[in-house]
1. Looking for whichever is within 13 Å of the chain's Cα centre (by Cα), under 23 Å from Gly118 (Cβ atoms) and hydrophobic (A, V, I, L, M, F, W, C) here; the options are Leu56, Leu39. Which one fits?
2. Looking only at residues in the range 48-60 that are in contact with a helix residue (DSSP H, G or I) (Cβ under 9 Å, 6 or more places away or on another chain) and hydrophobic (A, V, I, L, M, F, W, C), which one is surrounded by the fewest Cβ atoms within 10 Å (Cβ to Cβ)?
3. Quick check on the range 28-47. Is at least one of its residues surrounded by 13 or more Cβ atoms within 10 Å (Cβ to Cβ) and under 12 Å from Tyr72 (Cα atoms)?
4. Within the set of pairs 6 or more residues apart or between chains, which connect a residue that is over 20 Å from Val54 (Cβ atoms) inside the range 17-33 to a residue that is modelled with pLDDT of 85 or more and surrounded by 12 or more Cβ atoms within 10 Å (Cβ to Cβ) with Cβ atoms less than 8 Å apart?
5. (1) in contact with a helix residue (DSSP H, G or I) (Cβ under 8 Å, 6 or more places away or on another chain); (2) assigned to a loop (DSSP other than H, G, I, E, B); (3) at pLDDT 65 or above: which one isn't true of Leu117, the others all being true?
6. Go through the range 1-44 residue by residue and tally those that are modelled with pLDDT of 90 or more, charged (D, E, K, R) and in contact with a strand residue (DSSP E or B) (Cβ under 6 Å, 6 or more places away or on another chain).
7. Would you mention how many residues in the range 1-16 are in contact (Cβ under 8 Å) with a residue 12 or more places away in the chain and either assigned to a loop (DSSP other than H, G, I, E, B) or of a type in the set (Asp, Glu) (or both)?
Amino acid sequence: MVYVDSDPRAARFFADRDLVGSELGGRTRPGAGREVRFLDADDTRRLDVPDAGVDLLVSLYAGPGWEHCRRYLRPGGWLLANTSQVTRSWRPSTRRCARGRRIAYTHSAFAYLFQDLGP
């Protein structure tokens, strides 16, 4: 998992590896890794992450989200983004949604989870 955030509080939290490990303890799926890589960054700039190399990318306060983060997701990978990023920037181009139109959300949430289903 890669967590991208430009908030200084996140950098302080992730600097304490023991705290991060204890927070994840018992909260991961059996067999899933517990490795979290934190990047103090803005996701509109090139991240130090290989393209198609991440299963889960969390980008809550790092920039516009999907269009900058998708390149880093493995096929079937996931992006967790907050509502300000999603409503501001994510414009899907699928058969069910016309290109350039924003998603009409019926319920508000702190964050949304998107899966990259490929082209």
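1. Working: Leu39 fails: under 23 Å from Gly118 (Cβ atoms).
Step by step, each of Leu56, Leu39 is checked, and only Leu56 is within 13 Å of the chain's Cα centre (by Cα), under 23 Å from Gly118 (Cβ atoms) and hydrophobic (A, V, I, L, M, F, W, C).
2. This residue is Ala52.
3. Within the range 28-47, one or more residues are surrounded by 13 or more Cβ atoms within 10 Å (Cβ to Cβ) and under 12 Å from Tyr72 (Cα atoms).
4. Leu19/Phe13
5. With respect to (1) in contact with a helix residue (DSSP H, G or I) (Cβ under 8 Å, 6 or more places away or on another chain); (2) assigned to a loop (DSSP other than H, G, I, E, B); (3) at pLDDT 65 or above, Leu117 is out only on (1).
6. 1
7. Of the residues in that region, 4 qualify.
The values are calculated or read from the model by the stated rules, or taken from the named source; none is laboratory data. This one's a predicted model, so the numbers in the text were calculated from it and none came from an experiment. As a convention, Cβ positions derive from the backbone with ideal geometry for all residues, glycine included, and neighbour counts pool all protein chains shown.
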